[in-house]
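> Have a look at this one.
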Amino acid sequence: MPPRKAATFSGGSIQIEGLRDFNRALKQVSDQYPKQVKDANYDLAREVATRAKTRAMGEGGSARKAAASLRASRSANASAVSGGGPRYPYFWGAEFGSKRYGQFKAWRGNQWGGWDGGPGYFLHPTIRNDARKLIDDYMKRLDELAAEAFPG
């Protein structure tokens, strides 16, 4: 079994070291395994989006409306949460606030402030507060998958 790789928390993202190599090794065993990693990636992003939506509902106002645009996406080597779009042009104002437009809460900035604080009202605080636990669960899932694909 390939050695377990670490999750690195930097900037506003989380990098799983060796995930591409892990996927290549899984593909050599069976085509089903990379799909399972893709599913794990999606489940992780979906959970972040769900938690951010819940937090946005508590914020009310434009955040509550913008939360409807939060969505998860996936690939074999990544997962992402995105929001906004043509129907929700106010998404980033709801997330970061505004100095100029009164329909939004106070401006909190839009630069990643680290894992102990920073911008945002619902998406970024969810990532800061919940990501470590969610990544631990994700890594356990990858460990189980590795044990299944590479027994013994």
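The values are calculated or read from the model by the stated rules, or taken from the named source; none is laboratory data. Because the structure is a prediction, the values reported are computed rather than measured. Cβ atoms come from the backbone with ideal geometry, glycine included; neighbour counts cover every protein chain shown.
> Of the residues ALA80, ALA72, ALA68, which single one is crowded, with 17+ Cβ neighbours inside 10 Å and either of a type in the set (Gly, Ala, Ser) or farther than 21 Å from ILE14 by Cβ (or both)? Let's see the steps before the verdict.
Numbers: ALA80 fails: crowded, with 17+ Cβ neighbours inside 10 Å; ALA68 fails: crowded, with 17+ Cβ neighbours inside 10 Å.
Answer to the check: ALA72.
> Taking LYS27, is it in contact with a Phe, Trp or Tyr (Cβ under 9 Å, 6 or more places away or on another chain), at pLDDT 95 or above and not in a strand (DSSP E or B)? I'd like the intermediate steps shown before the answer.
Details: in contact with a Phe, Trp or Tyr (Cβ under 9 Å, 6 or more places away or on another chain): yes; at pLDDT 95 or above: no; not in a strand (DSSP E or B): yes.
So LYS27 fails the test.
> So GLY60 clears everything in (1) more than 15 Å from HIS124 (Cβ to Cβ); (2) surrounded by 17 or more Cβ atoms within 10 Å (Cβ to Cβ) except one condition, right? Which one?
(2)
> Follow-up. For ARG71, which of the numbered conditions (1) touching a strand residue (DSSP E or B) at 6+ places or on another chain (Cβ under 8 Å); (2) under 25 Å from ASP31 (Cα atoms) fails to hold?
That leaves (2) as the condition not met.
> Something else: Scan the range 142-152 for residues that are under 12 Å from ALA40 (Cα atoms) and either of a type in the set (Gly, Ala, Ser) or buried (at least 16 other Cβ atoms within 10 Å of the Cβ) (or both) and jot them down. Walk me through how you get there before you give the answer.
First pass over the range 142-152, keeping only residues under 12 Å from ALA40 (Cα atoms): 142-145.
Scanning the range 142-152 gives LEU142, LEU145.
> Considering only residues that are surrounded by fewer than 16 Cβ atoms within 10 Å (Cβ to Cβ), free of Cβ contacts under 8 Å to residues at least 40 places away in the same chain and within 15 Å of the chain's Cα centre (by Cα), look in the range 110-136 and name the one that is nearest to GLU47 (Cα to Cα).
LYS133
> Residues that are at pLDDT 95 or above: find the helices (runs of 4 or more DSSP H) completely inside the range 37-152 holding 3 or more of those.
61-66, 91-96
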